[in-house]
1. The conditions are (1) part of a loop (DSSP other than H, G, I, E, B); (2) surrounded by 14 or more Cβ atoms within 10 Å (Cβ to Cβ); (3) modelled with pLDDT of 85 or more, and L170 fails exactly one of them. Which is it?
2. If M234 satisfies every condition in (1) assigned to a helix (DSSP H, G or I); (2) modelled with pLDDT under 90; (3) surrounded by fewer than 15 Cβ atoms within 10 Å (Cβ to Cβ) but one, which is the exception?
3. Report, by residue number, each residue of region 135-165 that is assigned to a strand (DSSP E or B) and not β-branched (V, I, T).
4. Of everything in region 276-290 that's in contact (Cβ under 8 Å) with a residue 12 or more places away in the chain and assigned to a loop (DSSP other than H, G, I, E, B), which residue is farthest from the chain's Cα centre (by Cα)?
5. Test each condition in (1) part of a strand (DSSP E or B); (2) surrounded by fewer than 17 Cβ atoms within 10 Å (Cβ to Cβ) for I179 and report the one that comes out false.
6. From the list V274, V305, exactly one residue is within 29 Å of I179 (Cα to Cα) and crowded, with 18+ Cβ neighbours inside 10 Å. Which is it?
7. Quick check on R176: is it of a type in the set (D, E, K, R) and modelled with pLDDT under 90?
8. Between I180, I204, I130, I163, which is closer than 17 Å to Y251 by Cβ and aliphatic (A, V, I, L, M)?
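The values are calculated or read from the model by the stated rules, or taken from the named source; none is laboratory data. Note that the coordinates shown come from a computational prediction; the quantities given were computed from them, not determined experimentally. Positions of Cβ are backbone-derived with ideal geometry, glycine not excepted, and every protein chain shown enters the neighbour counts.
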Amino acid sequence: MNDLKGEKPVAHSGQLRQTRRQSASARPGASSTAADSSTRKPTPVVTRKPSQGAAQPRRKVVYKVGADGVETRLPAIPLLRFSWQWISGILTIALFLLVIFLVNSPMFRVQSLTVNGLTRYTSDEFQPLIKGRKTSIFLFDTNPVMHSLRLVYPELVDPQISIRMPNQVLVSAGEREPIILWQVNGNAYWIDAEGVVMQPRGEIPGLLTVQSAVEPPLTRMSNKPTSVIDYARMIIERQSGSLTSEELIDYINPETLNAIIKMNAILPAGGSLVYDPISGMGWRDPGGWEVYFGTNLSNIDFKQVEYQTILASLVEMGVTPTMISVEHIDAPYFRVE
């Protein structure tokens, strides 16, 4: 019995193996499927980043209250991630605040003009040019100030306006040097070598002094207003920019300027230059009479000889003239009291 019992397991196991072989042979595609699955490439793993709007994970913080093991959970702290957009945002805000500070800070606000290179002008004379323009140095516009400067002070040479930090506006220009002092009815004018007529500023000794009953003859009609209508017209033209600084400069007649210079060369000691709108240039002799040579002095030598001849004849006759005119060499004349 024991022998028979020991053979049963062996026969049963052999029967199981035979059954498995038959089932395997009945499924011929199973082996090929297993072989294909062994040679098939693995499927790649795809990971996705969380979207920008997705909630970021939060870090949990647990705080131990006491030694008995009691713990409390604090509110979760979000995990922040570094981004270059933060840097650009911080810089933008910082620059915006800096601009606001620079524009509104009293330290950079223009208060006055500073004059440089001018000896006969004071800084107070230029302050009205920036009236209503006392703003930040970063917003200050020099163009309207330059335009006003050229219109108000056309006699200045090459005016310039520059800006210096923190709040300085600097005016620099050259000054014309007068050579002639023209006096008329208590008023006075300066005239430089180019013939520019300007208002006196201070006193300069050694100028050629001309006494006259009229103002200096100009090359063109003066632009100075003589009535309320002329003044209003000039203001409108200045605001529209149709007037230039060159148009506002008064020039003396070139013939008169040349006559003054030539007459000064032959002026007798003690004499003074005079001008008459009809008789032209001449001088007041120390003897008390006046002599006129006109404005055309191309033949000044002949006129001077003619004058000396007439004066000698009058002295010989014992006549003291009040005026001698040799303006026209072919028709000289004189006056007596």
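1. Unmet condition: (1).
2. (3)
3. Narrowing region 135-165 to residues assigned to a strand (DSSP E or B): 136, 157-164.
Answer for region 135-165, where residues must be assigned to a strand (DSSP E or B) and not β-branched (V, I, T): S136, D158, P159, Q160, S162, R164.
4. Quick first cut of region 276-290, residues in contact (Cβ under 8 Å) with a residue 12 or more places away in the chain only: 276-277, 279-290.
Checking which are assigned to a loop (DSSP other than H, G, I, E, B) leaves us with 277, 279, 285-289.
Working: P277: 45, S279: 50, D285: 55, P286: 56, G287: 59, G288: 57, W289: 57 Å.
Only one residue tops the list, namely G287.
5. (2)
6. On the way: V305 fails: crowded, with 18+ Cβ neighbours inside 10 Å.
Exactly one of V274, V305 is within 29 Å of I179 (Cα to Cα) and crowded, with 18+ Cβ neighbours inside 10 Å, namely V274.
7. Values: of a type in the set (D, E, K, R): yes; modelled with pLDDT under 90: no.
Taking the combined requirement at face value, the residue does not satisfy it.
8. Working: I204 fails: closer than 17 Å to Y251 by Cβ; I130 fails: closer than 17 Å to Y251 by Cβ; I163 fails: closer than 17 Å to Y251 by Cβ.
Of the residues listed, the single one that is closer than 17 Å to Y251 by Cβ and aliphatic (A, V, I, L, M) is I180.
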